[in-house]
Amino acid sequence: MARKEEEKKLSIEEKAQAKVTSFFVKNRVAILIAIAAVVVVVIGLFVILGINSSKAEKLQLQIQDLQGQLSTVLTSEDQAVKDKYVADLKALAGLGGKSYPAVKASYLLGLYYSALDTPDYASAITFYKAAYDAGKTTYLGALALYNLAVVTEENGDSAAALELYNQCYDEFSDDVEYAVSEKALFSSARLYEANGNKDLAKANYQVLADSFSYSEYGKLSAAKLLVL
């Protein structure tokens, strides 16, 4: 009895196996095509990932190279050299998004225009703002916002500059490693003092003296408090 049941069980399994085999035989062409399609897609994904990785690495090297050229370009008397440098940076900045090369390109353009013998403040402001907008919460974003305040002040708009210095301190005061908040707060205090608002100036100098006593700005602020 047990033998018959075992033979019956084997017979059922053999029939099932036969059906599966028959299915694969009948549909082997379609199955092979489907497998080939999957393989092509997987290979395509690896190729795309490889291309994107290679492109990202190339852009990273390019922006590093352009950063290293800044001082040389600024002192060059060849306008063609300067024009090409700006064009290369604008091409990277034009990539848009929040990628490091694009943000850094905008930041370098801000540096370039603000460091010219005759600074182009309008262009510097445009590119610092672009770098800040794309790089918020990053080190580059902090630097861009602070420099945006600086060139705005140098361009004669102290009221707007004061707002930007305060914004910089408010947004990055918790990021001590960025080292821009204390500079921004000192600049804010300096402008308050220049405007005759001694109470706000003293309040900012006091924060610096208390919270950044180890830094140059903290020591300068402590000295300021003695004469205000």
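The values are calculated or read from the model by the stated rules, or taken from the named source; none is laboratory data. Since this is a predicted model, take the numbers as computed values, not measurements. When we count neighbours, we look across all protein chains shown, and the Cβ atoms used for this are built from the backbone with ideal geometry, even at glycine.
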#### Entry: Yes/no for Gly196 being surrounded by fewer than 15 Cβ atoms within 10 Å (Cβ to Cβ) and not acidic (Asp, Glu)
yes
### Query
Is it the case that segment 138-153 has a residue that's within 16 Å of the chain's Cα centre (by Cα) and not in a helix (DSSP H, G or I)?
yes
### Task
State which residue is surrounded by the fewest Cβ atoms within 10 Å (Cβ to Cβ) when the search covers only segment 87-107 and only residues that are of a type outside the set (Phe, Trp, Tyr) and within 16 Å of Gly68 (Cβ to Cβ).
Asp88
## Note on the structure
Within segment 73-86, residues being surrounded by fewer than 15 Cβ atoms within 10 Å (Cβ to Cβ), of a type outside the set (A, V, I, L, M) and touching a Phe, Trp or Tyr at 6+ places or on another chain (Cβ under 9 Å) number 1
### Message
Quick check on my filter: what residues within segment 123-178 are polar (S, T, N, Q) and either in contact (Cβ under 8 Å) with a residue 24 or more places away in the chain or in contact with a Lys or Arg (Cβ under 7 Å, 6 or more places away or on another chain) (or both)?
### Response
Thr138, Asn147, Thr152, Asn155, Ser158
### Query
Restricted to segment 116-137, and to residues that are touching a helix residue (DSSP H, G or I) at 6+ places or on another chain (Cβ under 9 Å) and not in a helix (DSSP H, G or I), which residue is farthest from Asp83 (Cα to Cα)?
Thr137
### Query
Of all residues in segment 192-214, how many are hydrophobic (A, V, I, L, M, F, W, C), over 30 Å from the mean Cα position of the chain (by Cα) and within 17 Å of Ala149 (Cβ to Cβ)?
3
### Summary
Expected single match for more than 21 Å from Thr152 (Cα to Cα), of a type outside the set (Val, Ile, Thr) and either buried (at least 17 other Cβ atoms within 10 Å of the Cβ) or at pLDDT below 90 (or both) among Leu185, Leu228 is Leu228
### Message
Please determine whether any residue of segment 61-69 is over 21 Å from Leu143 (Cβ atoms) and exposed (fewer than 12 other Cβ atoms within 10 Å of the Cβ).
### Response
yes
